[in-house]
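These notes concern the structure reproduced below.
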Ligand SMILES: NC(=O)c1ccc[n+]([C@@H]2O[C@H](COP(=O)([O-])OP(=O)(O)OC[C@H]3O[C@@H](n4cnc5c(N)ncnc54)[C@H](O)[C@@H]3O)[C@@H](O)[C@H]2O)c1
Ligand SMILES: N[C@@H](CCC=O)C(=O)O
């Protein structure tokens, strides 16, 4: 077994890579607008009712029409998952891991095609799409190896005449509910974590990005996953989502998405339904209001670059995005001015054009919400860049910076999930950390300083799940920076970390007298 190493990002300045991506975009263009069925117990089921996936950069262009699960079909999928669990849970964990390794190999061979689909379906610029696909591969390679590590449980002590073992066994049926912003990596990572640990899965992808999820299920099938181990049930969150969360056969829910939906799922999952004989487990990865703190002793160019890249990469639609910057007053004006310059230099346009750093936001609802926040921001701070938006062709919002924002302002507190960053001034480093911590979330944060004592202070005091020093606050790598947050950012789990798979299993102790 080759040791795990993360999938390298593609260098598009090399002509061969550039051309390969253009070719991949053409290939994806060739299959736009197709119909995709549900997959239940391996059976393709087509429904009249469809979820239509559109290109956010050309809002009338249809990426695909995906059949939509009703409650009856969700129930059928539940029965298929229940039946398949009886056999899948007994499959050797090493064979389950092999399915992941094979799937990773298939995706690696078709890497640019998957990324190009993300460019079309989610509006991801090339580098962002490439990183999303690389992360999907990483999850498979990493979780496969983690399963091999824990397949024989953990060592425990035995007294003379006694043989004790501590093994992990699967939980049962898992409902995987994934977001649109990492429509490949998070959808695939949460699905394979549940599968490799011996559970069966009902996957409900986000309604804006169901086509990439369908393509991934095809890969799992090609990699040898038995029918019924994963069931593809796109549908309305309120209808199918609630039905699956409430179902007495549901053993666990792996959710990634907004705070409000996560809380709703957590609440509903706590209710005991007729026939249910367990407490459902909820793994929830939720929102963020993430801060970059800039100290007075700092590389100010690095600070400005980190703020701009973390705030506007994929239009700020990352739970890890820098939506707040807190800058110590001694260097405040300098950093704000440089952030303004860098922001104004960003290129915004169709993501199929490699020269664009930033493209759209995901849909009309997101566009409306973000532009409302921009109006709120105009009353709460000084607009230094952006502030405009245009949804005539696609959902384009200019990268927007507000300075001189009070820590208590709404744009400093609420997750906007778009290309908007609010900047506040702090008296000193301690004050900056205090402002950064003044949020109900606790996902990512970064500190830019050359002061070692302040780094150590932040290590202790800055209460976030992923804290970065002298870099931006996005871009965690599977197996290197396990990812997940505190407080309203979720259940403190760490995707891509050494203890993540155990969340999908239960430990069994056996003790034999010799
Ligand atoms: N912490 C993390 O790792 C992480 C990663 C990515 C995104 N996010 C968060 O996700 C949010 C953006 O994603 P989104 O807009 O897709 O979030 P969302 O909460 O609107 O939707 C997430 C998923 O939940 C489903 N859903 C909606 N209502 C449901 C219900 N009642 N029952 C069951 N499922 C339901 C949606 O269809 C979708 O599949 C942001 O808040 C972002 O911070 C967090
Ligand atoms: N893991 C990603 C964020 C995922 C949420 O959107 C990052 O580290 O930037």
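Only the coordinates and a few stated rules stand behind these numbers; no lab work does. The shown structure was predicted, so the numbers you read here are calculated from the model rather than taken from an experiment. Note: ideal-geometry Cβ built from the backbone for every residue, glycine included; neighbour counts use all protein chains shown.
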Going by a ≥ b ≥ c, the root eigenvalues of the Cα gyration tensor, does segment 358-514 fall in the rounded group (a/c under 1.5), the prolate group (a/b larger than b/c) or the oblate group?
oblate
Sorted by packing (mean other beta-carbon atoms within 10 Å per residue), highest first, where do 462-475, 346-359 land?
462-475, 346-359
Relative contact order as a percentage, segment 133-245, C-alpha pairs under 8 Å and 6+ apart, gives 24
Can you tell me the orientation of helix 364-380 relative to the chain, as the angle in degrees between its alpha-carbon axis and the longest Cα principal axis, to the nearest 10?
40
By counting other Cβ atoms within 10 Å of each Cβ, how are 435, 212, 39 ranked from fewest to most?
435, 39, 212
Shape of segment 252-343, Cα gyration tensor, a/c cut at 1.5
prolate
What FRET efficiency do you get for residue 89 and residue 427 if R0 is 56 Å and r is their Cβ-Cβ distance, rounded to the nearest 0.05?
0.45
If you line up the long axis of helix 332-344 against the longest principal axis of the chain, both from Cα atoms, how many degrees apart are they, to the nearest 10?
70
Could you list 410, 324 in order of exposure, starting from the residue whose Cβ has the fewest other Cβ atoms within 10 Å?
410, 324
Using Cα pairs closer than 8 Å and at least 6 residues apart in sequence, work out the relative contact order for the chain, in percent.
17
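Per-residue ellipticity at 222 nm for the chain, helices alone: DSSP H runs ≥ 4 residues times -39500 (n - 2.57), over residue total, nearest 500 deg cm²/dmol? Before the final figure, lay out the partial values.
Details: 15 runs with 195 residues, N = 514.
That calculation yields -12000 deg cm²/dmol at 222 nm.
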Would any residue of segment 257-300 have its amide N under 12 Å from a label point 7 Å out along Cα→Cβ of residue 456? List them or say none.
none
Sorting check: for 42-54, 99-111, which peptide has the highest mean count of neighbouring beta carbons within 10 Å, and how do the rest follow?
99-111, 42-54
For segment 1-151: rounded, prolate or oblate by the Cα gyration tensor [a/c cutoff 1.5]
oblate
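How do 431, 504 line up, fewest other C-beta atoms within 10 Å first?
431, 504
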Taking Cα atoms, the helix 126-150 axis meets the longest principal axis of the chain at an angle in degrees (rounded to 10) of 40
When only Cα pairs under 8 Å and 6 or more residues apart are kept, what is the percent relative contact order across segment 363-501?
15
